[in-house]
1. Would you grab the residues whose amide H sits under 5 Å from the one on Ile112? Only those 5+ places off in sequence or on another chain, please, with H modelled 1.01 Å from N.
2. Treating region 83-201 as a set of equal point scatterers at the Cα positions, no solvent, please give the Debye-formula log₁₀ I(q)/I(0) at q = 0.24 Å⁻¹.
3. For region 38-99, which chymotrypsin sites (Phe, Trp or Tyr not before Pro) are both in a DSSP coil and crowded by at most 14 other Cβ atoms within 10 Å?
4. Using r as the Cβ-Cβ distance of Lys195 and Lys148, and R0 as 41 Å, what FRET efficiency do you calculate, to the nearest 0.05?
5. Give me the distance in nm between label points sitting 7 Å out from Cα along the Cα-to-Cβ direction at His100 and Lys235, one decimal.
6. Evaluate the distance, in nm, between pseudo-label points positioned 7 Å from the Cα of Asp170 and of Asn90 along their respective Cα→Cβ axes.
7. For region 26-233, what size does the Cα cloud have along each of its three principal axes, sorted from largest down, in whole Å?
8. Hey, fewest Cβ within 10 Å first, where do Ser82, Ser139, Ser131 land in order?
Amino acid sequence: MNIYTKDHLLEKKIVYFQPQNGYRSGIEPIILAAQANYKDKSILDLGSGCGPISLILAYRFPNSKIVGLEKNILHFELSQKSKMENKFNNVEFKNEDVCHLNNNYVNYFDLILSNPPFFLENQIIKSKNDSINDAKYISKEKSEKWFKNLIHYIKDKGRALIINRFENIDFMLRIFSLFNVIIEITPILSFKDTKPKNVLISLKKNENYVEKTTNEIIIHSNSSKYSKQVEDWFK
């Protein structure tokens, strides 16, 4: 196995292993995990990486069942290592390609959280590091399968949340508009009054397609510290 680091989540409440020289988690898992609540009894972490979202949810919601699907074998093995280190028994990681539909999960989950690769192929030069490539880069064809599978996995009264690049929003909405869902678009700003870099998209199944925009999430205060809202999500 590649060299990894032993880190922590939620102010050292959770032990978290991730590659030393591969993809390392940012703030996106913190934001996504904060959207869950105790009513979400079955939760899917679609493209779980080294497992930060699933680990946070396993800690916060011991009565919920969390499933993390991840194709990259290194990320999968590190998520398993973190699970054992924390002695969580309510999370299951599976080494599975999320672009392949799993019929066992159709209409199954109360909540789905996903932080898919941000960069569509040919937009940017890819890395030679497999860990970084699998986390950051994806073809349009595979990205479309990822998003469609996500919608198929939501229960009728369930919901899903995705974080992706704001510049990909038109591409994503074209896919989501093929389904009867309510879409809520929440821009994510580094600072107040700046252009959004990322976007949080919420989906709920519905009788027809509806699109809404909500108030933005602001990551940093004017002092460059995390905003009060984001700061609370780290706890």
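1. Answer set, sorted by chain and number: Leu44, Arg159, Ala160, Leu161.
2. Here the Debye-derived log intensity ratios amount to -1.46.
3. Qualifying residues, ordered by number: Tyr38.
4. Computed FRET efficiency for Lys195 and Lys148 comes out at 0.90.
5. For His100 paired with Lys235, the spin-label model returns 4.4 nm.
6. Modelled inter-label distance: 4.3 nm.
7. Here the Cα extents, ordered largest to smallest, are 43, 42, 41 Å.
8. Least to most surrounded, the residues fall as Ser139, Ser131, Ser82.
None of the figures in this text is laboratory data; all of them are computed from the coordinates on show. This is a predicted model, so every value here is computed, not measured. Glycine gets a Cβ as well: all are built from the backbone with ideal geometry, and neighbour counts include every protein chain shown.
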